[in-house]
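Engineer: Can you keep this structure in mind? I'll have questions shortly.
The values are calculated or read from the model by the stated rules, or taken from the named source; none is laboratory data. Nothing here was measured: the structure is a model prediction, and the numbers come from that model. We place every Cβ from the backbone using ideal geometry, glycine too, and count neighbours over all the protein chains shown. Accessible surface areas use protein heavy atoms only, side chains included; no ligands, DNA or RNA. Shrake-Rupley method; radii C 1.70, N 1.55, O 1.52, S 1.80 Å.
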Amino acid sequence: MKLEGKKIAVGLSGGVDSSVAAYLLKEAGYDVFALFMQNWHDITGTLHGECEWEEDLSVAKMVAKKIGIPFKFIDLSDTYRKDVVDYMFSEYSKGRTPNPDVLCNSKIKFDAFLKAAQSMGADYVATGHYCRGAEFVDENGNEVYRILAGVDGNKDQSYFLCQLNQEQLSKAIFPIGDIEKPRVREIARQAGLPSAEKKDSQGICFVGKVDLPVFLQQKLASKQGNVIEIFPEFYENLKGYPGYAIPSSEADEATVEELSKVYHYKESDGKKIGTHIGAQYYTIGQRKGLNIGGHKEPIFIIDIVMETNTIYVGEGHHHPGLSRKALRIDASEVHWIREDLKMTDGETRDYLVRIRYRQPLQKAKLICKGGDLYILFEEHQRGITPGQFAVWYSPDDLEMIGSGVISE
């Protein structure tokens, strides 16, 4: 990527990562300006009860002044609400668990923000993500853009960029992807950047840490429902159900469609142990927030049935209902970052897969059948959650190849 003579807009958030990204580009002699985006005004449901963006804005201005680069501001709140927050509400209302940070990157940072930066004269947008960009020219003379995991395994953020496309990657720069976090902090201290000791942001992208039920109650009304416990012996009666009947030793491409099917419980399958305030506020694998005692081990949510507003739970980390061997991604929800590597019907490939941020990469087979994509894991996976993104990487160099929304 030739940057000489090009103008680069750095998405300066006020955090240490984007600050160091801007500093390194400026030190390298590039034409850089800082662009701060405000995406959220409402503090409903936020745990701090204040607009943290105002503090971030103040720090970002000080960082830009220290580095010696122009500072600009843009408000993308309307776009953020429509493309990210409304999407969250819609997904939770269906009993699915979205990842707003993924949409924030594909719809905001590398779409609305990128377009705004280009209108200000920028050729590229740089961010403080811990991932690496690369490119090559294929046999037809076309530029192919790649995104690889960051070198810091503890901070790799490539997962959050899993919905980017080739056009977006052609305009993206990741200056700190080959640096580990402690070194980033050290660079910030040595440069005297005001953000050097600032804590990393947490919670929903640009919203912050939230009390999720309170946040969702802005649009999704609470409604009391039953919490039903499913006991391990129940699964002895599921011998005829394919997802549980097929032994792991017999799990293969031929059985993956059956293995990916989810058994949705009925209230008669277990015992009522409490109530909840609305099934739409919870997620598969969730441990906290039910406030139900009387168990030796923690209880986890293993199923959510929106039609009856019922939550099903199981006791213990090794409850049978928590683990599955396979999942399905609907054809309409499959996204290939590397379009030249798109799978064809009947094809099977080995990839490394993760189904949530920070999860260690898992060995798996991707199987394309009828346009849908099935993922068959080598080991059982806990808490496979509809609405979340499954992301697959090349085993040899950890290039992120594609992603998809988990259907079931």
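Engineer: Taking helices (runs of 4 or more DSSP H) that do not extend beyond the stretch 43-158, which have at least 1 residues that are farther than 29 Å from L352 by Cβ?
Structural biologist: 52-67, 77-80, 86-93, 113-119
Engineer: So, V85, is that one of a type in the set (V, I, T), open to solvent by less than 20 Å² (accessible area, probe 1.4 Å) and within 29 Å of R132 (Cβ to Cβ) or not?
Structural biologist: Details: of a type in the set (V, I, T): yes; open to solvent by less than 20 Å² (accessible area, probe 1.4 Å): yes; within 29 Å of R132 (Cβ to Cβ): no.
No: the conditions fail for V85.
Engineer: Further question on the same structure: Have a look at I311, I337 and point out the one that is within 30 Å of S170 (Cα to Cα) and buried (at least 16 other Cβ atoms within 10 Å of the Cβ).
Structural biologist: Details: I311 fails: within 30 Å of S170 (Cα to Cα).
Sole residue among the options that is within 30 Å of S170 (Cα to Cα) and buried (at least 16 other Cβ atoms within 10 Å of the Cβ): I337.
Engineer: Please determine whether any residue of the stretch 239-252 is out of contact with any Phe, Trp or Tyr (no Cβ under 7 Å at 6 or more places or on another chain), modelled with pLDDT of 65 or more and open to solvent by 50 Å² or more (accessible area, probe 1.4 Å).
Structural biologist: So far as the stretch 239-252 goes, yes, one or more of its residues are out of contact with any Phe, Trp or Tyr (no Cβ under 7 Å at 6 or more places or on another chain), modelled with pLDDT of 65 or more and open to solvent by 50 Å² or more (accessible area, probe 1.4 Å).
Engineer: Follow-up question, since we're still on this one. What are the pairs, 6+ residues apart or on separate chains, where a residue within the stretch 96-121 that is within 17 Å of V391 (Cβ to Cβ) and open to solvent by less than 20 Å² (accessible area, probe 1.4 Å) has its Cβ under 6 Å from a residue that is among the polar types (S, T, N, Q) and modelled with pLDDT under 95?
Structural biologist: Going by the 6 Å Cβ cut-off, the qualifying pairs are T97/T283; T97/T385.
Engineer: Another question, if that's okay. What pairs come up if the first residue lies in the stretch 262-287 and is within 18 Å of Y235 (Cβ to Cβ) and touching a residue at least 60 places away in the same chain (Cβ under 8 Å), the second is among the charged types (D, E, K, R) and open to solvent by less than 30 Å² (accessible area, probe 1.4 Å), and their beta carbons are under 8 Å apart, counting only those six or more places apart or on different chains?
Structural biologist: Hits for this filter: V262/D303; I284/D303.
Engineer: If you don't mind, there's one more thing I want to ask. Being assigned to a helix (DSSP H, G or I), of a type in the set (A, V, I, L, M, F, W, C) and modelled with pLDDT of 80 or more narrows it down to one residue among V184, V227; which is it?
Structural biologist: The match here is V184.
Engineer: May I pose another question? Output the residues belonging to the stretch 358-385 that are closer than 19 Å to F160 by Cα and outside any loop (DSSP other than H, G, I, E, B).
Structural biologist: Q362, the sole residue that qualifies.
Engineer: Looking at the stretch 314-334 only, could you name the residues that are surrounded by fewer than 16 Cβ atoms within 10 Å (Cβ to Cβ) and within 16 Å of G387 (Cα to Cα)?
Structural biologist: Residues satisfying the conditions are D330, A331, S332.
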